[in-house]
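*Asks:* Below: one structure in structure tokens.
The values are calculated or read from the model by the stated rules, or taken from the named source; none is laboratory data. The structure presented is a predicted model; accordingly, all values stated were derived computationally and were not measured. A quick note on method: Cβ atoms are made from the backbone with ideal geometry, for glycine too, and the neighbour counts reach across all protein chains shown. To get the accessible areas, we keep the full protein, side chains included, count just its heavy atoms, and leave off ligands, DNA and RNA. Shrake-Rupley method; radii C 1.70, N 1.55, O 1.52, S 1.80 Å.
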2 protein chains.
Amino acid sequence: EALCSLFSPALVVDLDKVKRNVQKISEHYEKMGVQLRPHMKTHKTLYECAEIMTGGTRRCIVVSTLAEASFYADHGFDDILYAYPLPFDKVERCAALSERLDLFQVLLDHPDALEQLERRPLKDGRRWHVWMKLDCGNGRAGVLHSEPGALKLALAIARTGGVELAGVYAHCGNTYKCRGVEQIQAVAQETTDLTLQFMEKLKDAGITCRSSIGSTPSCSHPVKDMARLSEVHPGNYVFYDVQQSVIGSCRLEDVAVKVLTRVIGHCPHRNQLLIDCGWSGLSLDGAGALPTGYAVIEGHPDLKLGSMTQEHGRVEPISGPLDYDKYPLGTMLSLIPYHSCATAAMHSVYHVYSGGQLVGKWLPTRGW
Amino acid sequence: EALCSLFSPALVVDLDKVKRNVQKISEHYEKMGVQLRPHMKTHKTLYECAEIMTGGTRRCIVVSTLAEASFYADHGFDDILYAYPLPFDKVERCAALSERLDLFQVLLDHPDALEQLERRPLKDGRRWHVWMKLDCGNGRAGVLHSEPGALKLALAIARTGGVELAGVYAHCGNTYKCRGVEQIQAVAQETTDLTLQFMEKLKDAGITCRSSIGSTPSCSHPVKDMARLSEVHPGNYVFYDVQQSVIGSCRLEDVAVKVLTRVIGHCPHRNQLLIDCGWSGLSLDGAGALPTGYAVIEGHPDLKLGSMTQEHGRVEPISGPLDYDKYPLGTMLSLIPYHSCATAAMHSVYHVYSGGQLVGKWLPTRGW
């Protein structure tokens, strides 16, 4: 079936672009000799997308929620890193996954969380596999690299009974403020340097473990020194989005996801078209960031998605009057989202196509 | 079970407040002699909430998506008004509902949509029940009240074979720009006046049908003349939210929905707390509208939810340094959302409580 058979709004995924985006990154890291641990948070779908990203192995992934961890574990995935500061309410669920999978790995950034793990020893002589989150300037979770507490915590993890220091993990989300490859690579270099310096300190203390950095911009344009890391963990590269194209991670034509919508109203007194996609179908993320509003409207660089309500969007020309004859009621438009993670999160089904024809559906998991 | 047993983030609904909010509006309109047709778009849940809003009748509701229409129809609800400009891709699904229910009603605002209905006559001598959407200054969908085309379209609907003009429908979403009851009532008065003037014109042309206006602010503070309308159709009053309290529709303590979250990080170098709720659990709607950020943090008017990423929120004091001893890791905080419709849309389960104890779950429908 053709895309135009879909009821709108509908999130559609270009399978060929997904494969191309994944192949490019996979080949790059294979050549560099660095383990790619793809992040599932962008799509949160089962076999199809996760299978493509893991090259069919269903091993070595990273997730952002315990719902994702359980979802993948329930469907034959293993070596799962739940890269989220260990939440106190979910320790028992983490223990169950650790006792059931070959390798379930958790992450923490505070001594109190380590204490939680000590209090819940794993059965059958298993040990908690723990990554320490290091903040190399991103400013979200993690122990700040410059804090003496960082090394202290890593050593405490390594020396705690029933616990193993699996690695050091840094997310360089500060690349999201970059414009262009040069800036991206400066952040990638800095994060790599700080992480490697930390690994040296650990080595001096007689401890070795894995190292991992990640973010889609930095992993799309790796610097040479990243070859000295054990792993990288980008996620959004599977879909990309307008934001990534603005940062310089990809070209706009690499974006593999869009939201189909139809013109449902003509409002000449406001110089606007009304479309059947509001903020329930396209995330509000990116407000004010683009001259074209909340999305890029494919093939119509002169149009702007200026505002949205729950189920309606208002489209207007960036300048001049609208030519309504070009957009009869029912006309289908394609919205390339500013942020694909945020927009995918609004949809309970992704319609997958190849060569203009629908070839299947991907069903994401939701919740926490 | 107590609320603190929930994994966070979790959307929770205060059943007692829901009942109180619903009762207040229901009694008000019963006294005024105006039919209340509650809108389901805020919660989109089945029996429980819809049952409370319809006083157990499961009749006379309005929905914003065809997914909602089908969901309610599949579960014994009837007299459903799909108050969305008739979308060309969904005519056949609308026809099926019209042929199956006692009363399924559609809405349109363009002659092309009427043509679609003419082309698809209903079986068994049934007629399409059509409301015409009138724009009384809201500026979203609808034919502008001042356009000669408005009366022309209403007459065309009334005179088309196989179609019945069920009513005239106006949404006064322009009340969302109000601050205080006086401004709300001015908009309510204007929308009522314009709608009633339109009904007069129809009457002069020999046509009678129902009239309906709605929006949570206007319906929370009705003006006397609204007693001359057939129906009102508010929706958000079941939950309310911070936005409605700012507009003046309700008090902050009337808000029946909140998102529970836990403190998962201390970041003294940034004077911030990290919480386990990001934009996947709380809508980005309302950015910049509140001094407290994306939500009001219950019991902590001094705190601000300044920014969110997918699964993290950053909380900081509005002024001065944070006292971390007050917020040990694991501390539960309650986020009162700026916009409950938008935040509810991010959750696939609502946890319902009464008297501090969990009493059930409501499962919303999603999609279109």
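*Asks:* Restricting attention to segment A:211-288, which trypsin sites (Lys or Arg not before Pro) occupy a DSSP loop and are surrounded by at most 15 other Cβ atoms within 10 Å?
*Replies:* Answer by residue number: A:Arg251.
*Asks:* Return the whole-Å distance between the Cα centroid of segment A:221-264 and the Cα centroid of segment A:127-178.
*Replies:* Result: 25 Å between the Cα centres.
*Asks:* For A:Val223, what is the net charge nearby, where nearby means another residue's Cβ is under 12 Å from its Cβ and Lys, Arg count +1, Asp, Glu -1?
*Replies:* Local charge sum for A:Val223: -2.
*Asks:* Which ³J(HN,Hα) values, rounded to whole Hz and listed in residue order, are derived for segment B:238-251 from phi using the Karplus coefficients 6.51, -1.76 and 1.60 in 6.51 cos²θ - 1.76 cosθ + 1.60 with θ = phi - 60°, glycine and proline given as x?
*Replies:* 5, 10, 6, 5, 4, 4, 5, 6, 5, 5, x, 6, 8, 8
*Asks:* How big is the antiparallel share of DSSP beta bridges in the protein assembly as shown, given as a percent to the nearest 5?
*Replies:* Given both bridge residues lie in the protein assembly as shown, the antiparallel proportion sits at roughly 45 percent.
*Asks:* Counting only DSSP beta bridges with both residues in chain B, what percent are antiparallel, rounded to the nearest 5?
*Replies:* 45
*Asks:* If you don't mind, there's one more thing I want to ask. How do the peptides B:101-111, A:33-43, B:28-38 rank, highest first, by the average count of neighbouring beta carbon atoms within 10 Å per residue?
*Replies:* A:33-43, B:101-111, B:28-38
*Asks:* Continuing with this model, one more query. If you put a point 7 Å past Cα along the Cβ direction, how far is that point for A:Cys4 from the same point in each other copy, in nm, smallest first?
*Replies:* Nearest first, the other copies' label points are 6.0 nm away.
*Asks:* Another question, then. By how many degrees, between 0 and 90 and to the nearest 10, does the Cα long axis of helix A:181-204 differ from the longest principal axis of chain A?
*Replies:* Compared with the principal axis, the helix lies near 20 degrees.
*Asks:* Still on this structure, please answer the following. Might you report the magnitude of the Cβ-based charge dipole of segment B:5-48 about its Cα centre, with Lys and Arg at +1 and Asp and Glu at -1, to the nearest 20 debye?
*Replies:* The calculation lands at about 160 debye.
*Asks:* Between A:Ala205 and B:His269, what FRET efficiency follows from the Cβ-Cβ distance if R0 is 35 Å, with the result rounded to 0.05?
*Replies:* 0.90
*Asks:* On to the next question. Between beta-carbons, use under 9 Å as the cut-off and find the net charge around B:Glu68, counting Lys and Arg +1, Asp and Glu -1.
*Replies:* Net charge in that neighbourhood comes out at +2.
*Asks:* Need one value for B:298-311: mean number of C-beta atoms belonging to other chains within 10 Å of its residues' C-beta atoms.
*Replies:* 2
*Asks:* More than 38 angstrom separation, counting every C-alpha pair in the protein assembly as shown; what % is that?
*Replies:* In whole percent, the share of Cα-Cα pairs in the protein assembly as shown beyond 38 Å is 40.
*Asks:* Could you tell me the relative contact order of segment A:48-159? Use alpha-carbon pairs under 8 Å, at least six residues apart, and round to a whole percent.
*Replies:* 18
*Asks:* Highest first, please rank the peptides A:132-145, B:64-77, A:173-186, B:272-285 by the mean number of other Cβ atoms sitting within 10 Å of their residues.
*Replies:* B:272-285, A:132-145, B:64-77, A:173-186
*Asks:* So, one more: With n ≥ 4 as the cut-off for DSSP H runs, can you work out [θ] at 222 nm for chain A, using -39500 (n - 2.57) per run divided by the number of residues, rounded to the nearest 500?
*Replies:* -8500 deg cm²/dmol
*Asks:* Compute the FRET efficiency between A:Glu164 and B:Val349 as 1/(1 + (r/R0)^6), taking r as their Cβ-Cβ distance and R0 = 56 Å, and round to the nearest 0.05.
*Replies:* The calculated FRET efficiency here is 0.95.
*Asks:* Do the alpha carbons of any pairs in B:Lys17/B:Lys258; A:Lys19/A:Lys177; A:Lys17/A:Lys224; B:Lys90/B:Lys123; B:Lys44/B:Lys123; B:Lys31/B:Lys177 sit beyond 20 Å of each other, and which pairs?
*Replies:* Table pairs above 20 Å Cα-Cα are A:Lys19/A:Lys177; A:Lys17/A:Lys224; B:Lys44/B:Lys123; B:Lys31/B:Lys177.
*Asks:* Relative contact order of segment A:114-154: what whole-number percent is it, with Cα pairs under 8 angstrom and at least 6 residues apart?
*Replies:* 23
*Asks:* While we're here: Could you state the angle between the C-alpha long axis of helix A:15-32 and the longest principal axis of the C-alpha atoms of chain A, as a value from 0 to 90 degrees rounded to the nearest 10?
*Replies:* Between helix and principal axis, roughly 30 degrees.
*Asks:* Lys/Arg Cβ at +1, Asp/Glu Cβ at -1, dipole of the protein assembly as shown taken about the Cα centre: which of A:Cys209, A:Trp362, A:Ala287 is farthest positive-ward?
*Replies:* Most positive-ward Cα: A:Trp362.
*Asks:* Averaged across A:85-93, how many Cβ atoms of other chains sit within 10 Å of each residue's Cβ atom?
*Replies:* Across the residues of A:85-93, the mean count of other-chain Cβ atoms within 10 Å is 5.
*Asks:* So, one more: Looking at A:Phe71, A:Val352, A:Leu117, which one has the Cα that reaches farthest to the positive end of the dipole of chain A (charges on Cβ: Lys, Arg +1; Asp, Glu -1)?
*Replies:* A:Leu117
*Asks:* Which residue, B:Gly313, B:Gly248, B:Gly56, tops the fluctuation ranking in a GNM of chain B built on C-alpha contacts under 10 Å?
*Replies:* B:Gly56
*Asks:* In whole Hz and in residue order, list the ³J(HN,Hα) couplings for segment B:154-161 that follow from phi through the Karplus curve 6.51 cos²θ - 1.76 cosθ + 1.60, θ = phi - 60°; x for Gly and Pro.
*Replies:* 4, 5, 4, 4, 4, 9, 8, x
*Asks:* Another question, then. Pairs of alpha-carbon atoms within less than 8 angstrom and 6+ residues apart define the contacts here; what relative contact order does chain A have, in percent?
*Replies:* So the answer I get is 20 percent.
*Asks:* Separate question: Quick one: P(r) of chain A from all Cα-Cα pairs, 20 Å bins, percents rounded to integers, in order of increasing distance.
*Replies:* Taking every Cα pair in chain A, the percentages come to 29, 52, 18, 1.
*Asks:* Follow-up. Name the long-range amide H neighbours of B:Ile318: under 5 Å, sequence gap of 5 or more, or other chain; modelled H, no Pro or chain starts.
*Replies:* Counting only residues 5 or more places away or on other chains, the set is B:Leu303, B:Lys304.
*Asks:* Using a 1.4 Å probe on the protein heavy atoms, what percent of the accessible area of the protein assembly as shown belongs to carbon and sulfur?
*Replies:* Ligands and nucleic acids excluded, carbon and sulfur give 50 percent.
*Asks:* First select every other residue whose beta carbon is under 14 angstrom from the beta carbon of B:Thr195; then total the charges, Lys and Arg +1, Asp and Glu -1.
*Replies:* Around B:Thr195, the charge tally is -1.
*Asks:* Let me ask something else. Output ³J(HN,Hα) for segment A:282-292: one whole-Hz value per residue in order, computed from phi by the Karplus curve 6.51 cos²θ - 1.76 cosθ + 1.60 with θ = phi - 60°, and x for Gly and Pro.
*Replies:* 9, 4, 6, 4, x, 3, x, 7, 10, x, 9
*Asks:* Extension gain A:Thr57-A:Asp112, at 0.36 nm per residue separation less the Cα-Cα distance, in nm?
*Replies:* 16.3 nm
*Asks:* Once amide H atoms are built 1.01 Å from N in the peptide plane, which residues 5 or more positions from A:Arg210, or in another chain, come under 5 Å H to H?
*Replies:* Counting only residues 5 or more places away or on other chains, the set is A:Gly167, A:Val168.
*Asks:* Report, in degrees rounded to the nearest 10, the 0 to 90 angle that the Cα long axis of helix B:91-100 makes with the longest principal axis of chain B.
*Replies:* 80
*Asks:* Could you give the accessible area per residue of segment A:1-107, probe 1.4 Å, as a whole number in Å²?
*Replies:* 35
*Asks:* Once every Cα of segment B:34-238 carries one equal point scatterer and solvent is ignored, give the base-10 log of I(q)/I(0) from the Debye formula at q = 0.13, 0.18 Å⁻¹, two decimals.
*Replies:* -0.67, -1.29
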